[in-house]
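The next block holds one structure in the form of structure tokens; read it before the comments.
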Amino acid sequence: MQLFYMYRHYIVTFFLFLLITGISLVFRQELEMTNIILIHLLPVIVIALRGEWIATFITTTASIALLALYAPPTLSFIVHEMIYIWSFIIFYIVGYTITFQARKIHANSVKEILYNTLSHDLKTPLSSIMGNATFVVETHPLDPALRYQALAQIIESSRQMNRLINSLLDSARLKNPQTPLKNGWCDMEDLLTVALREFRRDVLHERIDYYVSSELPLFYGDSGLLMRLFVNLIDNALKYSDEEKPIKISITTTPNAFHISFSNECPPLEPTELANLFEKFYRAGNTADISGSGFGLSICRDITRAHHGTIRAYNDDHGIRIEVTLPILKRPASLKMDTL
Amino acid sequence: MKPHQLILIVEDDEAISRLLQLSFKQLGHKTLLAKDRQNALREIQTRNPDIILLDLGLPDGDGKELIKTVRALLSIPIIVVSARSDEEEIIAALDAGADDYVTKPFSTNELLARVRSTQRRFMMHHSSDSLITCNDITIDVENFSALKGDQPLKLTPTEFNLLKYFVLHRNQVLTHGKILKEVWGIAYEYEMQYLRTYVNALRKKIETNTTSPLYIQTELGIGYRFICTTPN
């Protein structure tokens, strides 16, 4: 089903071509060449609205090839009259103009979603900060426990805001091809430790249950980004699981790759939801009330891709498991180690 | 930290400088404020502060130059305050002679802890004792031996030198380059793989849990800090 949905435009176009070919064959005499040319423009427009250059090129070429079959001499791709060549050129011009415009509109709508999501995600912790601070200043709560609660919430919300801003900075860095990765030798266990420090200890409680293979080799990558990968995965696991339920983390290696897996307990997701989890601004359907955005996991995907790896989500026995596989592209040189 | 100290805050952002002034006044210290390099230099020369808190992003130029100038004149603790993702800047500031750093946003607790530990270090007398201790670790510089609790640690010569360097520079941020130069030699300044491998090996021997290490803390992108909670 999901595959059909993804390629629905191409399926529609294929049937359009079938229909047009049928009409053109049956009503060849009544319609005349001009109208047959015009109806062949239809699939070009449908695909061009998708805003993809290659798709437009393929569809336009297919449409022209079919037209060339009808143009005399019929059933050959040879065209004698110059006038058809002009029509073909106009086909390409129409296709590309629509593609260009569609891309512009698409870029604007992405920007709009970005602004909406960002303002929402920044405003949520900000309103918590403002609300709690105003509460402490204006109502002077006498109960120290109450005061502590409000202040602790301010700290947690500021941390949340800080994480989001850092993710945005990373995302901007990954989007810009001019800034290459700051690659170096990384100790994955160490990066996980640093990532865990970003969270308040009482938020993590005793929930983190990790397994790190004892003979983990060094990994050649961008330590800052890999640390953010861990932070975002922890953040995600905390947000989308029931409180008090454990979060399992494991880092292991095979001869050619690092395998990082994060599991948290929650109700299973639909297959389409699993596949869309890493798309920007996607939020699993049943989670409308959860603060945060689809931003975190899309950055995880960007960071993984920047290291030529893959990231996937699975439904596990009790919840969701996210698995990151990072290929080992550079191996540490054997060092001159001293002995006891 | 002794009471009634004079703290120079070099910061152009008003919200941050007000917060810093408030926190230090609360503890009974006096603060001076300079919004740029020029004023900072004047205050340093006329008022002789006990500590300098320096924001690296000053409007009239490079904070590193100020660090070098101060270092040439006086021996007072300098703590750098910097924005995240300025790792190169922080390393350059530490190399120029700054003693420690905090990144924005920071908690005042964190900053005060850094100030205290830096000051303690400035007043510390280097003992000529061959036994150095840090929490439950004791190392004997003369006999090249180390103990954790009462168990002897089996360390290779490089691991021992690394541990010795860490313990002697306890609670201090040590850049990767500096550790490599001091422990391995100048030619090894950029050989990160050695440092990572040996830190890893050392952690396995001295830490109870390598995923939440208590001794060797990683300062991401900068270096390491060896934590000792007991006074020397």
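Counting only other residues whose beta carbon sits under 12 Å from that of B:ALA96, what net charge do I get with K and R as +1, D and E as -1?
Around B:ALA96, the surrounding residues sum to -2.
Divide the volume of the convex hull of the Cα atoms of region A:183-327 by its number of residues and quote the answer in cubic angstrom per residue.
109 Å³
Any idea what angle helix A:8-26 forms with the longest principal axis of chain A, computed on alpha-carbon atoms, 0 to 90 degrees, nearest 10?
The helix A:8-26 is inclined about 10 degrees to chain A.
Suppose R0 equals 35 Å. What FRET efficiency, 1/(1 + (r/R0)^6) with r the Cβ-Cβ distance, do B:ASN39 and B:MET124 give to the nearest 0.05?
0.65
Applying a 10 Å radius around every beta-carbon, put A:128-140, A:305-317, A:228-240 in order of their mean neighbour count, most first.
Packing proxy ranking, top to bottom: A:228-240, A:305-317, A:128-140.
Note down the relative contact order for region A:108-175 as a percent, whole number, built from C-alpha pairs under 8 angstrom at least six residues apart.
36 percent
Quick check: pseudo-label points 7 Å beyond the Cα along Cα→Cβ at A:GLU81 and A:SER213, how many nm apart are they?
It works out to 7.0 nm between the two label points.
Which value, in debye to the nearest 20, gives the size of the charge dipole of chain A about its Cα centre, when Lys and Arg are +1 and Asp and Glu are -1 at the Cβ?
The calculation lands at about 920 debye.
Give the long-range amide H neighbours of A:PHE258: residues separated by 5 or more places, or on another chain, with amide H under 5 Å away, using H modelled in the peptide plane at 1.01 Å from N.
A:LEU326, A:ILE328
What is the mean number of Cβ atoms from other protein chains located within 10 Å of the Cβ atom of each residue in peptide B:189-195, rounded to a whole number?
Whole-number average of other-chain Cβ neighbours for B:189-195 is 3.
So for the protein assembly as shown, taking the charge dipole from beta-carbon charges (+1 Lys/Arg, -1 Asp/Glu), which of A:THR339, A:PRO72, B:GLN21 sits furthest toward the positive end?
Going by the charge dipole, the pick is B:GLN21.
What list of ³J(HN,Hα) values in whole Hz, one per residue of region A:232-245 in order, does the Karplus curve 6.51 cos²θ - 1.76 cosθ + 1.60 (θ = phi - 60°) give from phi, with Gly and Pro shown as x?
After applying 6.51 cos²θ - 1.76 cosθ + 1.60, I find 5, 5, 5, 4, 4, 5, 5, 5, 9, 10, 6, 4, 6, 7 Hz.
How much of the accessible area of region B:131-226, probe 1.4 Å, is carbon plus sulfur, in whole percent?
52 percent
Placing +1 at every Lys and Arg Cβ and -1 at every Asp and Glu Cβ, with all other atoms neutral, what dipole size does region B:131-226 have around its Cα centre, in debye to the nearest 20?
With Lys and Arg at +1 and Asp and Glu at -1, about 180 debye.
If I model a spin label as a point 7 Å beyond the Cα along the Cα-Cβ vector, how far apart are those points for A:LYS182 and A:PHE15 in nm?
Placing both labels 7 Å along Cα→Cβ, they lie 5.3 nm apart.
For peptide A:184-192, how many partner chain Cβ atoms fall within 10 Å of a residue's Cβ, on average?
The shielding value for this peptide is 5.
Picking from B:VAL81, A:MET82, B:TYR198, whose Cα lies most toward the positive end of the charge dipole for the protein assembly as shown (charges on Cβ: Lys, Arg +1; Asp, Glu -1)?
My answer, from the dipole projection, is B:VAL81.
Name the long-range amide H neighbours of A:GLY184: under 5 Å, sequence gap of 5 or more, or other chain; modelled H, no Pro or chain starts.
For A:GLY184, whose amide H was placed from the backbone, the distant partners under 5 Å are A:GLY221, A:ASP222, A:SER223.
Positive end of the charge dipole of the protein assembly as shown (Lys, Arg +1 and Asp, Glu -1 on Cβ, about the Cα centre): tell me which of A:THR124, A:ASN264, B:LEU112 has its Cα farthest that way.
Working it through, the farthest residue towards the positive pole turns out to be B:LEU112.
Which whole-number percent is the relative contact order of chain B (Cα, under 8 Å, 6+ apart)?
Worked out over chain B, it gives 13 percent.
Cα centroids of region B:140-170 and region A:239-275: how far apart, whole angstrom?
40 Å
Net charge around A:TYR96, counting only other residues with Cβ within less than 14 Å of its Cβ (Lys, Arg = +1; Asp, Glu = -1)?
Value of the local net charge: +2.
For the protein assembly as shown, with only Lys/Arg (+1) and Asp/Glu (-1) charged at the beta-carbon, what is the dipole magnitude about the Cα centre, in debye rounded to 20?
For the protein assembly as shown, the charge dipole is close to 560 debye.
Calculate the mean, over all residues of peptide A:332-338, of how many other protein chain Cβ atoms lie within 10 angstrom of the residue's Cβ.
Mean shielding by partner chains, rounded to a whole number: 4.
If you plug each phi of region B:105-114 into the Karplus form 6.51 cos²θ - 1.76 cosθ + 1.60 with θ = phi - 60°, what whole-Hz ³J(HN,Hα) values come out, in order, with x for Gly and Pro?
x, 10, 8, 4, 4, 4, 5, 5, 5, 5
What is the interface area between chains A and B, defined as buried accessible area summed over both chains with a 1.4 Å probe, reported in Å² to the nearest 100?
2600 Å²
What is the distance in Å between the Cα centroid of region B:184-232 and that of region A:25-72?
67 Å
Can you give me the pair-distance distribution of region A:108-175, C-alpha pairs, 5 Å bins, whole percents?
Pair shares across the bins are 4, 16, 19, 19, 14, 10, 8, 6, 3, 1, 0.
Helix A:188-197 against the longest principal axis of chain A: what's the angle in degrees, Cα atoms only, rounded to the nearest 10?
Around 70 degrees separate the two axes.
From the square roots a ≥ b ≥ c of the eigenvalues of the alpha-carbon gyration tensor of chain B, which class results: rounded (a/c under 1.5), prolate (a/b over b/c), or oblate?
In terms of gyration-tensor shape, prolate.
Would you pull out the residues with amide H under 5 Å of B:SER145's amide H, same chain only if 5 or more places away, H placed 1.01 Å from N?
Those qualifying (amide H under 5 Å, at least 5 residues apart or on another chain) are B:ASP140.
Applying the Karplus parametrisation 6.51 cos²θ - 1.76 cosθ + 1.60 with θ = phi - 60° to the phi angles of region A:139-147, what ³J(HN,Hα) value in whole Hz is obtained for each residue in order, glycine and proline being reported as x?
Per residue, the Karplus-derived 3J(HN,Hα) values read 9, 6, x, 7, 6, x, 5, 5, 5 Hz.
For chain A, calculate the relative contact order in percent as a whole number, restricting contacts to Cα pairs under 8 Å that are 6 or more residues apart.
12 percent
The values are calculated or read from the model by the stated rules, or taken from the named source; none is laboratory data. These numbers come from a predicted model, not from an experiment. Heads up, the Cβs are rebuilt from the backbone with ideal geometry, glycines too, and the neighbour counts pull from every protein chain shown. What goes into the accessible areas is simple: the full protein's heavy atoms, side chains included, and nothing from ligands, DNA or RNA. Shrake-Rupley method; radii C 1.70, N 1.55, O 1.52, S 1.80 Å.
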